[in-house]
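Notes for the one structure printed next.
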Number of protein chains: 2
Amino acid sequence: MFEKLKNLKTYEAGKPIELVVREYGIKPGEIIKLASNENPYGPSPKVIEKVKKNAHLMHRYPDDSFYELKEKLAKIHGVDKKNIIIGAGSDQVIEFAVHAISPKKVLTAGITFAMYEIYSKQVGAEILKTPSAKHSLNEFYEIYKKEKPEIIFLCVPNNPLGECIDAKDVFDFIEKIDEETLILIDGAYQEFASYKDKSKEIKTKDILKYKNVIYTGTFSKAYGLGGMRVGYGISNEYIISNLHKLRPPFNITILSQIAASEALEDSEWVDMGIENNFKEMQKYIDFAKKKGFEYIESYTNFIVIYIPESTKIANKLLKKGIIVRDMASYGFDALRITIGKPEENDKVLKTLREIS
Amino acid sequence: MFEKLKNLKTYEAGKPIELVVREYGIKPGEIIKLASNENPYGPSPKVIEKVKKNAHLMHRYPDDSFYELKEKLAKIHGVDKKNIIIGAGSDQVIEFAVHAISPKKVLTAGITFAMYEIYSKQVGAEILKTPSAKHSLNEFYEIYKKEKPEIIFLCVPNNPLGECIDAKDVFDFIEKIDEETLILIDGAYQEFASYKDKSKEIKTKDILKYKNVIYTGTFSKAYGLGGMRVGYGISNEYIISNLHKLRPPFNITILSQIAASEALEDSEWVDMGIENNFKEMQKYIDFAKKKGFEYIESYTNFIVIYIPESTKIANKLLKKGIIVRDMASYGFDALRITIGKPEENDKVLKTLREIS
């Protein structure tokens with residue numbers, strides 16, 4: 001019955017807090033989870049208030065036209081509502097794109113966001129990866145010329161490594177690619193990258209000039225709404241209207257829609273989170289430098305540090321109630337640590353100094 | 001780029017309240033929306049409280065193993081957690097099933113839940129329908145023998161008509177179907193049907209005996225959580241583990257998971273809603289009888305009444321701020337009206353008496 005699924009694996013998410021609680025007997029309040037690049041400050045207090053005020057509406061289906069949310073997003077990005085599709089996380093927009101094209105081949109960086117591969121395998125695509133782990137647009141182009149993949153995924157900046165290619169290089173690259181190949185620019189961490197360095201900023205409006213480019217954004221990171229599953233795609237009307245054919249009705253919850261819409265009203269809160277992120281990230285950089293550990297310069301809300309025997313270190317941290325991402329599964333002797341709140345980072349760094 | 005989508009249409013949801021507000025200048029508070037089979041009583045107050053208390057967790061990804069929710073569902077249904085998959089509405093479980101099999105042909109009742117057809121068309125399947133609008137298992141069997149569809153959808157009870165085949169007939173039917181054909185039993189309104197008539201109750205535990213049957217349930221109707229998008233599938237471990245390969249991580253929100261789990265704790269609230277539903281439905285039956293209008297006996301939270309010139313009537317209702325579903329698009333001169341709260345039904349019936 002399920003012939004076509006025989007090469008697919010089930011996705012396993014990171015260890016939830018509940019599991020650590022059960023396994024090590026650590027109180028939930030004492031656990032520090034810096035493994036999933038969640039925004040440690042959460043959403044704006046105004047968003048929390050608004051959701052509480054509307055919690056009695058949970059029996060109502062959401063506005064399936066996303067009138068208000070799209071209106072606000074369109075204004076911010078300088079595009080029309082018709083250039084926007086809403087997804088349950090930007091993940092779902094990626095899913096629409098992959099399923100809409102059903103590519104034979106797709107092309108990604110050596111190490112990048114796992115969902116590109118997961119969705120592409122669902123439609124039986126071959127996954128081509130650049131030899132380099134980080135994004136090398138030269139390598140992308142060489143493979144593109146030879147293999148002509150139908151989708152190219154650029155993660156700008158890249159999760160789980162944190163590096164970021166320049167916006168100018170992205171657009172130069174786009175110019176060289178035939179219109180038969182869709183280029184998906186995943187901007188899940190763009191708010192962080194463009195804050196740190198303007199040359200990383202992808203101007204979404206400029207995407208519309210191209211027949212074959214889509215940008216995806218999310219409320220999960222800078223806006224602190226990871227658990228509410230709201231993302232979006234921005235592209236020309238032709239692409240967006242086609243992806244809409246695959247969007248199931250009511251694909252985000254009524255409270256998610258209310259939360260995302262309200263989150264766009266409090267840019268100060270978002271800026272505060274991003275500013276603190278890089279201030280706190282410096283503590284990890286200082287630690288790495290002092291220890292003589294290599295790290296990847298990060299344009300996101302996490303940092304990858306090459307800590308010898310990372311698996312052992314990750315396990316030691318876990319027993320102390322600190323959850324980070326071990327990069328061993330990627331063949332890296334390194335940890336990916338989400339930048340937490342000051343007190344969380346201080347505790348993590350204190351522990352790391354003791355055990356690494 | 002989107003060759004395979006050329007025969008697909010974009011789904012258009014029913015008129016949202018916002019549209020009526022804009023078009024007819026009626027105050028949002030005065031609009032009565034009985035078009036989408038939402039639970040007029042909403043979720044249990046305990047659910048609302050719990051969601052408010054946890055609204056500050058919106059930045060956290062949900063437990064992707066659904067530990068607590070599955071534990072409770074398993075207990076209620078007398079199955080193991082491994083027999084359960086969680087979806088963003090039962091819609092998504094239907095999507096998993098269709099995409100997992102990629103059928104060439106599927107079989108449904110003449111008029112039934114639109115998503116069977118929408119998802120099936122996405123994978124290019126031919127949609128076979130019984131000549132009768134309502135479920136006729138004889139017709140299903142005749143077409144099955146001739147056409148050998150890979151999926152058969154039974155909507156028990158049926159949306160949007162409201163009729164319900166007996167559970168015994170469903171199981172007799174299953175026995176006659178080869179194991180190569182998946183039978184999907186959509187129980188979105190089962191709580192209503194089994195309350196009204198025990199002979200309609202699908203015992204989910206009995207599903208597990210079969211290699212090729214899956215049951216889908218939802219929190220959108222009896223539990224009053226339509227806007228939160230939580231549903232589930234129950235089947236044998238083989239089917240469930242295969243569908244899990246297509247489930248994206250974090251496919252329901254953290255607040256949806258909390259809400260659904262809490263909703264299972266307040267069965268009194270659910271029973272109250274169902275009891276009132278049938279009490280209030282009687283008012284519509286009395287109205288139809290008095291007017292000499294035919295109606296379909298309903299095992300759900302809505303009723304289909306054949307009201308002459310239904311489109312005209314629906315528009316007249318709309319101008320008075322009452323939204324119901326006109327069945328003209330199905331070729332029926334009838335309205336489908338969701339059973340609302342007493343005061344809503346009284347107002348709708350008063351208006352209907354005047355204009356029909």
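The values are calculated or read from the model by the stated rules, or taken from the named source; none is laboratory data. Everything numeric here is computed off the predicted structure, so don't read it as measured data. All Cβ positions, glycine included, derive from the backbone under ideal geometry; neighbour counts span all protein chains shown. Ligands, DNA and RNA are stripped out before the accessible areas are found, and what is left, the full protein with its side chains, is counted by its heavy atoms. Shrake-Rupley method; radii C 1.70, N 1.55, O 1.52, S 1.80 Å.
Annotations
- Accessible carbon and sulfur surface of the range A:45-266 relative to its total accessible area, %, 1.4 Å: 49
- Percent of Cα pairs in chain B per distance bin of 10 Å, from zero to the largest separation: 5, 24, 33, 26, 11, 1.
- Shielding by partners - mean other protein chain Cβ count within 10 Å, residues of A:240-248: 6
- Out-of-range pairs (alpha-carbon distance over 31 Å; input B:Lys52/B:Lys316; A:Lys52/A:Lys168; B:Lys134/B:Lys198; A:Lys72/A:Lys176; A:Lys70/B:Lys6): B:Lys52/B:Lys316; A:Lys52/A:Lys168; A:Lys72/A:Lys176
- Using a 7 Å projection from Cα along Cα-to-Cβ, the label point at A:Gly124 is separated from the same position in the remaining copies by 0.8 nm, smallest value first.
- Using the Stokes-Einstein relation with a Kirkwood hydrodynamic radius computed over Cα pairs, the translational diffusion coefficient of the range B:1-116 at 20 °C and a viscosity of 1.002 mPa s comes to 112 µm²/s.
- Backbone phi angles across the range A:54-67, fed through the Karplus curve with coefficients 6.51, -1.76 and 1.60 (θ = phi - 60°), yield HN-Hα couplings of 10, 4, 6, 9, 4, 7, 8, 5, x, 5, 6, 8, 6, 3 Hz in residue order; Gly and Pro are listed as x.
- Charging the Cβ of each Asp and Glu at -1 and of each Lys and Arg at +1, and nothing else, the dipole of chain A about its Cα centre rounds to 720 debye.
- Other-copy label distances relative to B:Leu19, 7 angstrom Cα-Cβ extension, nm: 4.4
- Springs between Cα atoms under 10 Å define the GNM used for chain A, and in it the highest mean-square fluctuation of A:His56, A:His135, A:His99 occurs at A:His56.
- About the Cα centre, charge dipole magnitude for the protein assembly as shown (Lys/Arg +1, Asp/Glu -1 at Cβ), debye: 360
- Note on the range A:98-206: dipole from Cβ charges, positive end direction compared against A:Ile152, A:Leu184, A:Tyr116; the farthest Cα belongs to A:Tyr116.
- When +1 charges are put on Lys and Arg Cβ atoms and -1 charges on Asp and Glu Cβ atoms, the dipole computed for the range B:217-270 relative to its Cα centre reaches about 380 debye.
- Interchain or long-range residues, amide H under 5 Å from B:Arg60's placed H: A:Gly227
- Along principal axes, Cα extents of the protein assembly as shown, largest first, whole Å: 86, 50, 49
- Candidates B:Ser261, B:Ser136, B:Ser194, ranked by Gaussian network fluctuation over chain B, Cα under 10 Å, top entry: B:Ser136
- Within the shell of other residues whose beta carbon sits under 14 angstrom from the beta carbon of A:Ser310, the net charge comes to +1, with Lys and Arg scored +1 and Asp and Glu -1.
- Shielding of B:223-234 by partner chains, average beta-carbon count, 10 Å: 5
- Filtered trypsin sites (Lys or Arg not before Pro), the range A:180-244: DSSP coil and at most 11 other beta carbons within 10 Å: A:Lys209
- Estimated from helices alone, the mean residue ellipticity of chain A at 222 nm is -12500 deg cm²/dmol (sum of -39500 (n - 2.57) over DSSP H runs with n ≥ 4, per residue).
- Among A:Lys72, A:Lys148, A:Lys291, the residue with the largest mean-square fluctuation in a Gaussian network model of chain A, with springs joining Cα atoms closer than 10 Å, is A:Lys291.
- Exposure rule at most 15 other beta-carbon atoms within 10 Å, DSSP loop GluC sites (Glu not before Pro): chain B longest free segment: B:13-178
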